[in-house]
Amino acid sequence: MLVGCNTMAPPYQAPAAPVATRFPFEQSTGTEAANLAWQDYFADAELRALIQAALENNRDLRIAMLRIEETRALYGIQRADLFPWLNGQANFTRSRTPADMSLIGRPLLLNEYNVGLGVSNWELDFWGRIRSLRDAALETFFASNEARRAATISLVAEVANSYLRLRALDQRIQLAEKTIQSREESTRIFQRRFDVGSTSKLDLKQVQTLLAQAQTLLYQLQQSRATELNALTVLIGKEVVLTPYQDNAIQEKPFLNDIKVGLPSEILTQRPDIVAAEHVLKAANANIGAARAAFFPRISLTAAYGTASRELDGLFESGSQAWRFSPSITLPIFNAGANRANLDLAEVRKDQAIANYEKAIQGAFRDVADALAAQHGLRQQLISQQEMLAAQAERARLVKLRYDNGATSYFEVLDAERNLLEVEQQLVQMQRALFSSQVSLYATLGGGSQSIAAPSPITPLSRQPAN
């Protein structure tokens, strides 16, 4: 009867999703991101090795795993309150009663030995208070596990984006170095022309200005690369050694599969952060049951059974059995409104959990919509940027021919060369942004969440290695 009674928590109902029913720029073909493991999504072997190293060494992910162990232990503590705690007891008492208080008129020395088993203050959970607290602890455990899944997906995306930024910087550095080599040669030629009087000092200074601009850009890119490498090292958790950069490596598509974008309602079961928010909401709902049960009497039981004797050698003789049975009931009459305030607090926290759950859904919808919009826009921008690069390269060639034939000043060459380098750099950045938007879409759709290993069951308690 005791274990079969219900809790006083209100029936749980998931709030409606406060978002549109469809995403803009939907993709109906491909594999669902949640079912597509990162090992299958990323084709670059070096990137996969970096992600694996991060999953093994990243300290934030390790903390998330330890939080699971923490909530697992807290659930075990809360669950244990449902059962009586049986304790072994052994006592020895020696007392002296003065003569004026003794029934025999003289001082009395007494010894008492006790050995037995006892149950102390076991609460009979008639109103479901303890089971509500247990359920809340269980939902907190589930939430911590989903938070670990979310942290794993976020880490995979961060490593991938950091790697893409590094490789884009490598390509931009390579372009800057080639530009510097070309401009160093141009500076050498113009210096010789100036020395023999065949060109003006103004033209020489303009060529030197072009070289200095390219050198400054190279130093800036090298600084950015060092900073990005430091960031990737922190994510990986150990020293990062990358293979030398190959020409145009960033332009090769680093992903194997297209991603299917389903309905927003499907995201609710795939995004770990949303699932975690719902578990937090369920925990808050269970805490209301515990707060309601506090208004009702608490019935507890203290009992002991064993043997007792005035002499140590008489403990286990016939007739020495002793027992004690002491049930108690505590009825709240006046506590200055503490129970009412606790119930109000539980209900307010549930309302907060509902708001956080709805906020998580709205944030997820925006993340996916932004990633889809970024992909759609960046693909179009990339085509335009490629056309612009081709036009700018042709313009620089024609202007150089006109200058060589004396039809224009070197100022036009200066302007064309500067614009060409800028467009080349922008194209690399745009390619990287497009790939990053694909990574973001994969992550915002709960990429690989169904393939992330779950922790071991919460019973029995055990330590689990970080995955």
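Taking θ as phi - 60° and the Karplus parameters 6.51, -1.76 and 1.60, the scalar couplings of the stretch 342-352 work out to 5, 5, 4, 4, 4, 5, 5, 5, 5, 4, 5 Hz in sequence order, x denoting glycine and proline.
With every protein chain present, what accessible area does Arg324 have (1.4 Å probe, heavy atoms only), rounded to the nearest 10 Å²? Approximately 130 Å² for this residue.
With q set to 0.18, 0.30, 0.31 Å⁻¹, the log10 of I(q)/I(0) for the stretch 263-312, from the Debye formula over equal scatterers at the Cα positions, is -0.76, -1.06, -1.08. Each Cα pair of the stretch 180-247 feeds into the Kirkwood radius, which the Stokes-Einstein equation turns, at 20 °C and 1.002 mPa s, into a diffusion coefficient of 146 µm²/s. Restricting the calculation to alpha carbons of the stretch 342-417 gives Rg and Dmax of 28.1, 89 angstrom.
Could you grab the Rg to Rh ratio for the stretch 318-467? Cα atoms only, Kirkwood for Rh. Ratio value, two decimals: 1.46. Taken about its Cα centre, the stretch 54-135 carries a charge dipole of about 140 debye when Lys and Arg each add +1 at the Cβ and Asp and Glu each add -1 at the Cβ. Given the chain, what percent of its DSSP beta bridges are antiparallel, to the nearest 5? Here the share of antiparallel DSSP bridges comes out near 95 percent.
Dividing the alpha-carbon radius of gyration of the stretch 104-246 by the rule-of-thumb value 2.2 N^0.38 Å gives 2.60.
Overall, the accessible surface of the chain at a probe of 1.4 angstrom is composed of carbon and sulfur to the extent of 55 percent. From the largest down, the stretch 48-161 spans 92, 34, 22 angstrom on the principal axes of its Cα atoms.
Binning the C-alpha pair distances of the chain at 10 Å intervals from 0 yields a P(r) profile of 4, 14, 17, 16, 13, 11, 8, 6, 5, 3, 2, 1, 0, 0 %, listed from the shortest bin outward. Per residue, the chain exposes 55 Å² of accessible surface when a 1.4 Å probe is rolled over the protein heavy atoms with every protein chain present.
Across the stretch 383-437, the volume of the C-alpha convex hull divided among the residues equals 53 Å³ per residue.
The values are calculated or read from the model by the stated rules, or taken from the named source; none is laboratory data. What you see is a predicted model, and the numbers here were worked out from it, not measured in a lab. Note: ideal-geometry Cβ built from the backbone for every residue, glycine included; neighbour counts use all protein chains shown. The protein model used for the area step is the full one, side chains on, heavy atoms only, and it has no ligands, DNA or RNA in it. Shrake-Rupley method; radii C 1.70, N 1.55, O 1.52, S 1.80 Å.
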